[in-house]
1. With respect to the cross-link table entries Lys36/Lys72; Lys36/Lys73; Lys36/Lys62; Lys36/Lys84, which display a Cα-Cα separation exceeding 21 Å?
2. Which whole-percent values make up P(r) of the range 7-88 when all C-alpha to C-alpha distances are grouped in 5 Å steps starting at zero?
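No lab work stands behind these numbers, since they all come straight from the coordinates. Since this is a predicted model, take the numbers as computed values, not measurements.
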Amino acid sequence: MQTDQSTVTAYIEIEELFRNLNEMGVKMDTTTVVSKIVSSLPGEKYRAFRKAWDSVPEASQKMAGLLARLRKKELEIKQENMQKGENSKPKTSAFVSNTNDHKEGKSRKPKPGASKGRPQGDVRQML
C-alpha cells in the first residue's frame with residue numbers, strides 16, 4: 001500500500017486482485033488475503049488497528065468486517081487531521097487595538113481646538 005493511498009482504495013484493489021486470481025483458477029484463502037491487507041497497513045497510524053484486529057477471533061476476521069473497520073479508522077484519521085489543522089491555524093482578530101485607552105475610558109477623539117498638526121475646517125477652503 002502506498003503511503004498517500006486511502007486504505008479503503010487499497011482494500012478494494014486487493015479485493016479485485018483476489019477475485020481476478022480466483023477467476024483464473026488461482027485459489028487463495030480469504031484469511032490469507034485479510035492477513036495481507038492488515039499487514040500492509042502503513043506504520044504508526046495503524047499499529048493499534050493491527051493489534052485490535054489480531055484480538056478479533058479468527059472466525060470473525062472476514063473481508064466485510066475488515067472493510068467496515070478500515071472505513072471507520074479512515075474517518076477517525078481524517079477527523080483527527082482536520083482537528084489538528086484547525087488547532088494549528090493562527091487565531092486572527094480584526095480591528096485589534098494596541099492601546100489600553102478603551103479599558104480606562106479614555107477617548108481617542110481629539111479635544112476641541114487640538115489640531116495635532118492637522119488643518120481644521122474645510123480642506124477645500126484652504127486650497
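1. Where the Cα-Cα span goes over 21 Å, the pairs concerned are Lys36/Lys84.
2. 3, 13, 23, 22, 17, 10, 6, 3, 2, 1, 0
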